[in-house]
Each structure stands twice: as structure tokens, then as C-alpha cells.
There are 2 protein chains.
Amino acid sequence: MKFCSHCGNHVTRKIPVGDAFIRFVCEQCGMIHYQNPKIVVGCIPEWKNDILLCKRAIEPRLGLWTIPAGFMENHETLEAAAARETFEEAMAVVDITSLFGVFSIPSVSQVYIMFRGTMRTNDYGAGEESLEVGLFPVEAIPWDNLAFHVMHEGLSRYCQDKKDGRFQVHRSMIDR
Amino acid sequence: MKFCSHCGNHVTRKIPVGDAFIRFVCEQCGMIHYQNPKIVVGCIPEWKNDILLCKRAIEPRLGLWTIPAGFMENHETLEAAAARETFEEAMAVVDITSLFGVFSIPSVSQVYIMFRGTMRTNDYGAGEESLEVGLFPVEAIPWDNLAFHVMHEGLSRYCQDKKDGRFQVHRSMIDR
């Protein structure tokens, strides 16, 4: 950030009075430009014993596998975002059934929130951001070709829960 | 947003190619300025059978009661944010013990994430953003003077869980 989005003047970096963090501040109009973590919302779409994964058609991690996920938009709920991303990336319609996990990724200032969702039918397909979409039994998850560390962490916990016959709500920090 | 924070030119509102949402876009440098929901992180600090609440010293809802809570900062974890806010607003040191709930507030594009935390000692006090801080048994929660709808929703569910002798992870939409 170089310019004030409110008045167009140059911004400076300083700790505002009464604050504890360095912010971008406009000395001209006084606006403080807070920057905060972004929410990535994902869904583990379930069809019978399988889950639906997408091979990414975009950077970063083009060609690697992920659950349908993306940045939450203003004025939507977490659940709506999870269902929207599933439709956009995997052309599948899900009913969100439960919260699966909240994962903090401080290195990139993201919070990754995963849900489980039940596919209404076994229709699916590759959305614009996917090269390929497929149903996988947990034994066939492509562990060596997952797109992000959080995916490895989330799906490992998913498999463990499935083996235990009991789904928990997970939380952890992903630090790579 | 009126100006591009990257180059200082005026921004326009349009749907970028391949996107489905209206964004602020700079026609000069091409930057797309995404705006996403913010995360508010709160803690229900517990000391024996009581919980710690703060009377707000700042707007909005000055003079009304809340759990310690605030906007998550870049490069921190959810749990660190919850503990930091508890220290800043209530001068209490907590160990975060569990996730209590995730609440979507689409009307203001916020996601409110609440944890339970155990106070290490019964030391507490009013931080800069609090007029007063106090321990309350659940029977004495000031229901008519709570600061936000999400507080009413969260603390109602907390009381119910406590009565049931079993804490769940809650999720719901707050739509007022």
C-alpha cells in the first residue's frame, strides 16, 4: 500500500495513538488502513464413502489436488461460501452438514475454515479453476500431490476421524 | 474506496474477467482491490464457575457488556488473538481451552470466532477499551445490557451447554 484509498495522498507507516500495531496511515485525511487476515473457506464434499477433490488449473500449485475452497466474499455466510466454492470449482451441489476444522496460517495471514458437505447427487465436473475433478475413497487420496500443507493436515485428520467413526471439530496452526 | 492504493489513480467498480463479483479495479495499473470479511475473535474467560465480562468504553455500544473480543491481526493465530484481546481488554491471562463457536454476520461482513479460555489467576482489570470488568456467574449475565446480538447468541448457547454439562462447537448466522 502506497496511497490512501480514501483521498489519494501518500500513506505512511506508524503506530496510531492508542494502538499497538504499525498501520498504514494517511496524514492528509487521517484514515487508518487496517489490514487483517483473510478467510479461506473449503468443503469436503462427500458422496457415499468417497470425497470429491479438484486438480488446480490456476497458480499457486497448478496441477495439484485440493478440496473446493476459496476466499470468503463480503455479505455471505461461511456455509454459503463453502457451498459456492464447491459449485464453482467442482460443479457439485452440497448441503453443508458440519464444521470440520479451523486452521490458522499466520505466515500468510489466513484462516482456513473447512466444512463437510453431502453431495445431493453424484454430478460433478471441472469448474474454470479446475483441470479435473474426481471422487476418491480415502485410501486413494493423492497424498504426494496435495496443493497445500493445510490440505494435508485437514485430510489426514479427516481420515483419522473416519477410521475412529467419530468426526471432531479440529483446530491447529499450519506453520509452513 | 476511491483511489488505487498501489498507484494513486481513481478506481472504478466492475466485474473483472473470469470473476463473478463487482470489485474496485484500477484501470491504470490493473490492480484488483478485493474486499473480504473480517474476523472478530473473542474469548469467554472462565474462573471457577464464573465468566469474565467487560463493559465497553468505546463506541459502538459504549457502556454495554461483552466478552473480550476484537479484530484478528495479520500474522497471528486465532488462539493468540483471543488471548491477546483478553489481556488488552480485561487484563486477564488465559489459556485457550476450546473452540466454542463460529458465527457468520453477513450484514456487516464479519465472522465472529469464540473460544473458551481458563484464567490462570483471578487477576483482572479494565483495559483501555473497558469501563469496568467483572466476573459473573451465568445466572447474573446482564442479558438486557449486552453489546451485540452475537453476544446474546453466544452466551445463551454457553449457558445451555453448561446446563447440559457438555460443550459443543456452535455455528450459526447472526442476521441483525
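Values quoted throughout were computed directly from the atomic coordinates according to the rules given, and no laboratory measurement underlies them. Fair warning: this is a prediction, and the values are worked out from it, not measured in the lab. Neighbour counts run over all protein chains shown; Cβ positions are idealised from the backbone, glycine included.
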Among the lysines, which fall within straight-line cross-link reach of B:Lys14, defined as a Cα-Cα distance under 18 Å, with same-chain neighbours fewer than 8 residues apart omitted? B:Lys2
Got a sec to turn the phi values of segment B:118-131 into Karplus ³J(HN,Hα) couplings, 6.51 cos²θ - 1.76 cosθ + 1.60 with θ = phi - 60°, whole Hz, x for Gly and Pro? 9, 6, 5, 9, 9, 7, 7, x, 7, x, 4, 8, 10, 7
Between the modelled labels at A:Lys2 and B:Phe21 (7 Å from Cα along Cα→Cβ) the distance in nm is 2.6 nm
Max mean-square fluctuation residue, GNM over chain B, Cα-Cα springs under 10 Å, options B:Leu78, B:Leu62, B:Leu155: B:Leu62
Shape of segment A:47-124, Cα gyration tensor, a/c cut at 1.5: oblate
Hull volume per residue for segment B:38-173, using the convex hull of the C-alpha atoms, in Å³ is 99 Å³
According to the Cβ-distance criterion of 4.7 Å, cysteines of chain B with no possible disulfide partner are B:Cys43, B:Cys54, B:Cys159
Share of Cα-Cα pairs in the protein assembly as shown beyond 26 Å, whole percent, is 54 percent
Step through the residues of segment B:20-27 one at a time and calculate ³J(HN,Hα) from phi using the Karplus curve (6.51 cos²θ - 1.76 cosθ + 1.60, θ = phi - 60°), rounding each to whole Hz and writing x for Gly and Pro. 10, 10, 6, 10, 7, 10, 9, 6
May I ask you to evaluate 6.51 cos²θ - 1.76 cosθ + 1.60, the Karplus curve with θ = phi - 60°, for each residue of segment A:165-170 and list the ³J(HN,Hα) values in order in whole Hz, giving x for glycine and proline? x, 7, 8, 9, 9, 8
GNM on chain A, Cα springs under 10 Å; top mean-square fluctuation among A:Arg166, A:Arg84, A:Arg56 goes to A:Arg166
Springs between alpha-carbon atoms under 10 Å, Gaussian network over chain A: tell me which of A:Phe115, A:Phe100, A:Phe24 tops the mean-square fluctuations. A:Phe24
What is the calculated FRET efficiency for A:Ser109 to B:Glu139, with r their C-beta to C-beta distance and R₀ = 45 Å, to the nearest 0.05? 0.65
Using only the alpha-carbon atoms, how far is helix B:149-164 inclined from the longest principal axis of chain B? Give it as 0 to 90 degrees, nearest 10. 40 degrees
Using a 7 Å offset from Cα along Cα-Cβ at A:Gln168, what residues in segment B:115-132 end up with backbone N under 16 Å from the label point? B:116
Total formal charge among the other residues, if their Cβ is under 12 angstrom from that of B:Gly8, Lys/Arg +1 and Asp/Glu -1: +2
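Work out the mean other chain Cβ neighbour count within 10 Å for the residues of B:104-112 and drop it here as an integer.
Values: counts 8, 2, 8, 1, 2, 5, 1, 9, 0.
Per residue, the average neighbour count from other chains is 4.
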Bin by bin, in steps of 5 Å, what percent of the Cα pairs in segment B:1-99 do you find, going until the bin that has the longest distance? 2, 12, 16, 14, 10, 9, 10, 11, 9, 4, 2, 0
Could you pull the copy-to-copy label distances for B:Ile15, with points set 7 Å along Cα to Cβ, in nm to one decimal and sorted shortest first? 4.6
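Less than 11 Å Cβ to Cβ from A:Leu53, Lys/Arg counted +1 and Asp/Glu -1: what total charge do the surrounding residues give?
Values: positive: A:Lys55, A:Arg56; negative: A:Asp50, A:Glu89, A:Glu132.
Net charge in that neighbourhood comes out at -1.
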